[in-house]
Amino acid sequence: MQLGQIIRNFSEQAVAADALLGCGDLVLLARIGAAADRFDETLGEYAAGAVRRFANLASSEDWLALMNTVERAGDPGFRCLTHMLHWSLMRDEAQGVVPHVGCSCAGSGSCT
């Protein structure tokens, strides 16, 4: 199945869950679940929105990083999807978070 078809079918919860499980990253799935709950969305609604946000808001550098990731991937479709989801989650999780004192991690915990 092509990536566009998978994303179009995110309105069906079983398809969305299967696609996200197919990414092979349970931590990513848990983060998407938490974000979906926070925004009062289903997994599929959040994931579809995350892909749209990447398509509409990503910088040239973000697109270049995506292309580099996909170029080296064994399964480019799922790797593209996970890259876009991680990008959107980072942005959404950083909203309203007070940065840690003395670092620039924006509360992401990457300074630890």
So in the range 1-30, with the set limited to residues that are under 16 Å from Asp75 (Cβ atoms), in a helix (DSSP H, G or I) and hydrophobic (A, V, I, L, M, F, W, C), which one is modelled with the lowest pLDDT? Leu3
Name the residues in the range 62-112 that are at pLDDT 85 or above, among the polar types (S, T, N, Q) and exposed (fewer than 13 other Cβ atoms within 10 Å of the Cβ), would you? Asn68
Can you run down the residue pairs with Cβ atoms below 8 Å, 6 or more apart or on separate chains, where the first is in the range 31-55 and at pLDDT 85 or above and the partner is β-branched (Val, Ile, Thr) and not in a helix (DSSP H, G or I)? Ala36/Thr42
Could you please find all residues in the range 56-77 being touching a residue at least 24 places away in the same chain (Cβ under 8 Å) and either outside any helix (DSSP H, G or I) or at positive phi (or both)? Ala58
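The values are calculated or read from the model by the stated rules, or taken from the named source; none is laboratory data. This one's a predicted model, so the numbers in the text were calculated from it and none came from an experiment. Neighbour counts are summed over all protein chains in view; Cβ atoms, including those assigned to glycine, are modelled from backbone coordinates with ideal geometry.
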